[in-house]
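Structure, as structure tokens:
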Amino acid sequence: MSTIITNKWSWGNFVKNVFCLTHPDKSSIRDDSMTWTHRLCAQILTYGEIPNHVAFIMDGNNRRYGKKNFISTQESYAKGFDKLFETIQWCLDLGIKEVTVYAFSLDTFKRTQEEIDALFEEIKIFLERDRLNELGVCTTFFGNIKTLPDDLVKALEKSKLITKQNNKISLNIAFSYTGHDELTNAFNQISNGIKNNDLEESDLSVEILDNCMYTYPSTPLDLLIRTSGETTLSDFMLWQCAYSYIYFTPVLWPEFTAWELMIAIFMYQRNIRAFIRYKLPTKKLSSRAEKFVENVHQNWLNNLYTIA
């Protein structure tokens, strides 16, 4: 039985055909029918491990995209979230288990109210679309919840509840973040814990700090992709990407392609082969510290439900 592989490039065709390309015993495959793009993508998939957790910084990209293409801020945000759905599909096809999107930082609130309202409206539209369930996406979110309007918090919480049974891929949406704000929040939690005798100085450790971050219990990032051509992370949540590989690409987020994703993964794989990751030895939390961490997150949930 012969296998026919189309010449026309599309991500869907690539996903269907790559299995055949990566199994040399399939003698019926005509290699000359595949484009060089298909060949390179297949090579990337067999070169090394695929990252489990990939993150994208899209903050600020959509505004610049709108100015570049002479479209409204609302339209540019809409295109950005359409691209997110497309990227989730690529990640699913590649076997990536978790995706984090850094949607907007606290600096967003320095923009005009019109821009802020447009962004929040598109986030709500994104969260209400049926495609999240169709793709099997489980959504969660983190950041400084106190800065968000009540209607957006309700939309985030509703999406989290509706999609919590999905298990194909996890999507974390980061909002109102900066590295300074995240650390300040964690230090306040720990300080209050010591003041209330829920913690002792002997309990203090990297693990306690890690558990008090906005990003807990999300897994560490394997690969962080920074679009827009910027080669700085600004006031980013550096704690989460302390051991991550970072890939910078000049394209703006709405113009991000599957090709860019494959190249980023290839660079990640090459680094994995060349270097051994180093992480600090972990320290087991005391029962007192575990109880403290549990209370921290329960208080966060209580504040959330009070708003919602």
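The values are calculated or read from the model by the stated rules, or taken from the named source; none is laboratory data. The structure displayed is predicted, hence computed values, not measured ones. Cβ sites come from the backbone with ideal geometry, for glycine too, and all protein chains shown count toward neighbours. To get the accessible areas, we keep the full protein, side chains included, count just its heavy atoms, and leave off ligands, DNA and RNA. Shrake-Rupley method; radii C 1.70, N 1.55, O 1.52, S 1.80 Å.
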Number of the condition not met by LEU40 [criteria: (1) at pLDDT below 65; (2) within 23 Å of PRO250 (Cβ to Cβ); (3) in a helix (DSSP H, G or I); (4) open to solvent by 70 Å² or more (accessible area, probe 1.4 Å)]:
(4)
Given the criteria touching a residue at least 60 places away in the same chain (Cβ under 8 Å) and open to solvent by less than 60 Å² (accessible area, probe 1.4 Å), does SER76 qualify?
yes
Please work out which one of (1) among the charged types (D, E, K, R); (2) in contact (Cβ under 8 Å) with a residue 60 or more places away in the chain; (3) surrounded by 15 or more Cβ atoms within 10 Å (Cβ to Cβ) is the condition GLU182 fails and give its number.
(2)
Here, helices (runs of 4 or more DSSP H) confined to region 60-145 with at least 1 residues that are at pLDDT 85 or above, at negative phi and hydrophobic (A, V, I, L, M, F, W, C) are 73-94, 113-128, 131-134
Determine the pairs where a residue that is open to solvent by 90 Å² or more (accessible area, probe 1.4 Å), located within region 160-177, has a partner that is basic (Lys, Arg) and part of a loop (DSSP other than H, G, I, E, B) with Cβ atoms under 9 Å apart, the partner being 6 or more residues away or on another chain.
LYS168/LYS97
Can you go through ILE88, ILE123 and tell me which one is among the β-branched types (Val, Ile, Thr), crowded, with 21+ Cβ neighbours inside 10 Å and without any contact (Cβ under 8 Å) to a residue 60 or more places away in the chain?
ILE123
